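Undergrad: What follows is a structure written as C-alpha cells; I'll ask about it next.
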Amino acid sequence: MFTTDPVPGPLDLQASEVTTESFRVSWGHFVPGIVLYKLTWASNDGEDTKEMVLSVVRQAVRGLQVQDETTYSLKVSWQLEDPKVDQYRVTYVSLTGDRNKDSVLVPGQQTTVLLQPLLSDTEHKVTVTPVYTDGQDGISVSSVGRTLPLSAPSNLRVSEEWFSRFRITWDTPPSPTMGFRVVYQPTTVPGSALEAFVGDDVNTMLILNLQSDTEYSVKVIASYTTGSSQPLQGTAKTLYLGVTNLNTYQVMMSSLCAQWQPHRQANLYRVVIESLLNGQKQEVSVGGSASRQCFYGLTPNSQYQISVSTQLQDMEGPAVTTITTTLLAPIQPPTPPPTSPPLPTIPPAKE
C-alpha cells in the first residue's frame, strides 16, 4: 500500500478586470508536471456553478532560420522567450542518402547551434523542439537547409611561358576550401605526374623545372574537409630551346660541316658528331651566335650522326640531330703485272 503526494494548487489566485458580465482570473505559480488546470466558479448562493479545463500552454520557437551554409555545416537560429524552457532538442536528417537522424541538445538560454559535419550538396531537414523543465516537449518547428557543393575552381589561365617554367592562375570557388592541389604531367614525352599544394588564399602558381618544348596537362583540385572537387583541367606548353634547319655541307671523305639556324636566346651550343660504325665521338662547344661547325679526321664511307644542343644559363634543350655519310675513298686501279723482255730475233740463214 502506498500513498501518492497531493498535487499542489496554484498560488496567488487573483481576479481582475471585473465587469457586470465577466472577470479575469490569474495565478502566478506553475508546478512542474502540470499539464492542465480545472477552473470552477459559482455565484455566491452556489446555484450557478460553471467549470472549464485549461491546458498548459507549450510554445513553439519563432523565426527558425537555417543559414551560413558551408560544404559541411549549417547554422541554425531561432527565437523564444520562455523561462520555463530547459533546453532545445535540434534534430536534423538528410533528405537524400541514408536519411540517418541525428540530434543535439542545446541549453535553454542558447538559441543558435552549428550542425556539422554534414554531407556536402545535400538538403537537410532541421527540427527544433523546446523541452520544458517538467520534461514535456513544446511544439516542434522545422525548416530545410542545403549544404554547399564541393565546387571546383574555374577559369584556368596560363602565362609567363618560358623554356623551363610557366605560371597558372585560376578563380577560386565560392565555397571555403582548405587549399588547392595542383597536378601536372608531360603529355608529349614520358614522365610521371608531379603534385603541389597551396593554401586557400592562393590562386596562382609558378611551376618550375620543366622540360623545354613540352606540353603538360594541368589539374587544379579544390580540397575540402569532406572531400575534393572535380578537377579544373587544361594544358600548357614550355617554349622551344633548340636550333632549326640543321643540315650538313662540304661532306668529304674524312671531313664534313654542319650548319643551323641559331636560337636567339642561346648562350652556347654543344655540337657532337658520333660514328654509327664504331661509336667514336667528337664534341665541341661554340658560342650562341655560331651557326656552323666542321669536323675532320673522319672515316670514309661511314655514317655519322651530328647533334646540336642549345644551352641557356643552366638549361639545355633537346638535341637536334641529322645523319650523313662521308664520301667513298677512290678505288685505285690494279697494278698490271710486269712484262717479259721480248725474245731475241734469229736472223735467217744465208744461202
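Undergrad: Tally the residues that are assigned to a loop (DSSP other than H, G, I, E, B) and under 13 Å from the mean Cα position of the chain (by Cα), restricting the search to segment 195-205. Walk me through how you get there before you give the answer.
TA: Going through segment 195-205, the residues assigned to a loop (DSSP other than H, G, I, E, B) turn out to be 199-203.
Checking the rest, the ones that are also under 13 Å from the mean Cα position of the chain (by Cα) come to 199-200, 202-203.
Final tally of qualifying residues: 4.
Undergrad: Would you tally the residues in segment 101-147 being within 30 Å of TYR224 (Cα to Cα) and either hydrophobic (A, V, I, L, M, F, W, C) or in contact with a helix residue (DSSP H, G or I) (Cβ under 8 Å, 6 or more places away or on another chain) (or both)? Don't jump to the end; show me each part of the working.
TA: Step one: filter segment 101-147 for residues within 30 Å of TYR224 (Cα to Cα), giving 101-106, 110-128, 142-147.
From what is left, the residues that are either hydrophobic (A, V, I, L, M, F, W, C) or in contact with a helix residue (DSSP H, G or I) (Cβ under 8 Å, 6 or more places away or on another chain) (or both) are 104-106, 113-115, 118-119, 126, 128, 144.
Number satisfying all stated conditions: 11.
Undergrad: From the list ASP45, ASP98, exactly one residue is part of a loop (DSSP other than H, G, I, E, B) and more than 50 Å from the chain's Cα centre (by Cα). Which is it?
TA: Details: ASP98 fails: more than 50 Å from the chain's Cα centre (by Cα).
Of the residues listed, the single one that is part of a loop (DSSP other than H, G, I, E, B) and more than 50 Å from the chain's Cα centre (by Cα) is ASP45.
Undergrad: Which strands (runs of 3 or more DSSP E) sit wholly inside segment 259-333 and have at least 3 residues that are free of Cβ contacts under 8 Å to residues at least 24 places away in the same chain and open to solvent by 60 Å² or more (accessible area, probe 1.4 Å)? Before you say what the answer is, go through the steps one by one.
TA: On the way: elements: 268-275, 281-287, 292-296, 303-312, 320-325.
The qualifying strands (runs of 3 or more DSSP E) are 281-287.
Undergrad: Show the residue pairs that are 6+ apart or on different chains and have beta-carbon atoms under 7 Å apart, the first residue being within segment 208-225 and closer than 16 Å to LYS237 by Cβ, the second being aromatic (Phe, Trp, Tyr) and outside any strand (DSSP E or B).
TA: SER212/PHE163; SER212/TYR240; ASP213/TYR240
Undergrad: Would you confirm, using the coordinates I've provided, whether SER192 is under 15 Å from the mean Cα position of the chain (by Cα) and part of a loop (DSSP other than H, G, I, E, B)?
TA: Numbers: under 15 Å from the mean Cα position of the chain (by Cα): no; part of a loop (DSSP other than H, G, I, E, B): yes.
Considered against the rule, which asks whether it is under 15 Å from the mean Cα position of the chain (by Cα) and part of a loop (DSSP other than H, G, I, E, B), SER192 comes out as no.
Undergrad: Let me ask something additional. For segment 109-121, give me the residue count where each residue is buried (at least 17 other Cβ atoms within 10 Å of the Cβ) and of a type outside the set (Gly, Ala, Ser). First the steps, then the outcome.
TA: Step one: list which residues in segment 109-121 are buried (at least 17 other Cβ atoms within 10 Å of the Cβ), which gives 111, 113, 115, 118, 120.
Subsequent filtering for residues that are of a type outside the set (Gly, Ala, Ser) retains 111, 113, 115, 118.
Here the count works out to 4.
Undergrad: Taking segment 136-164, which residues are touching a Leu at 6+ places or on another chain (Cβ under 9 Å), surrounded by 16 or more Cβ atoms within 10 Å (Cβ to Cβ) and in a loop (DSSP other than H, G, I, E, B)?
TA: Listed by number, the residues that qualify are GLY138, THR147, ALA152, PRO153, TRP162, PHE163, SER164.
Undergrad: Count, please, the residues in segment 235-258 that happen to be open to solvent by less than 20 Å² (accessible area, probe 1.4 Å) and within 30 Å of ILE168 (Cβ to Cβ).
TA: Summing the residues that are open to solvent by less than 20 Å² (accessible area, probe 1.4 Å) and within 30 Å of ILE168 (Cβ to Cβ) in segment 235-258 gives 5.
Undergrad: Can you confirm whether VAL93 is more than 24 Å from PRO173 (Cβ to Cβ) and in contact with a His (Cβ under 7 Å, 6 or more places away or on another chain)? Lay out the reasoning, then the answer.
TA: Details: more than 24 Å from PRO173 (Cβ to Cβ): yes; in contact with a His (Cβ under 7 Å, 6 or more places away or on another chain): yes.
Yes: the conditions hold for VAL93.
Undergrad: Identify the residue in segment 206-233 that is of a type outside the set (Val, Ile, Thr), farther than 13 Å from THR172 by Cα and in a strand (DSSP E or B) and, among all such residues, is most open to solvent (accessible area, probe 1.4 Å).
TA: For segment 206-233, the residue satisfying everything is GLN233.
Undergrad: Further question: Going by what's in this entry, would THR19 be described as over 60 Å from the mean Cα position of the chain (by Cα), at pLDDT 85 or above and open to solvent by less than 100 Å² (accessible area, probe 1.4 Å)?
TA: Working: over 60 Å from the mean Cα position of the chain (by Cα): yes; at pLDDT 85 or above: yes; open to solvent by less than 100 Å² (accessible area, probe 1.4 Å): yes.
So THR19 passes the test.
Undergrad: If you take the residues in segment 56-108 that are of a type in the set (Ser, Thr, Tyr) and over 17 Å from SER140 (Cβ atoms), which one is surrounded by the most Cβ atoms within 10 Å (Cβ to Cβ)?
TA: Step one: list which residues in segment 56-108 are of a type in the set (Ser, Thr, Tyr), which gives 70-73, 77, 88, 91-92, 94, 96, 103.
Filter once more, keeping what is over 17 Å from SER140 (Cβ atoms): 70-73, 94, 96.
On the way: THR70: 19, THR71: 25, TYR72: 20, SER73: 17, SER94: 17, THR96: 10.
Within segment 56-108, the match that is surrounded by the most Cβ atoms within 10 Å (Cβ to Cβ) is THR71.
The values are calculated or read from the model by the stated rules, or taken from the named source; none is laboratory data. Model, not experiment: these values are computed from the prediction. Using ideal geometry, Cβ is built from the backbone for each residue, glycine included, and neighbour counts are taken over all protein chains shown. Each accessible area value is taken on the protein alone, full model and side chains, heavy atoms only, with ligands, DNA and RNA left out. Shrake-Rupley method; radii C 1.70, N 1.55, O 1.52, S 1.80 Å.
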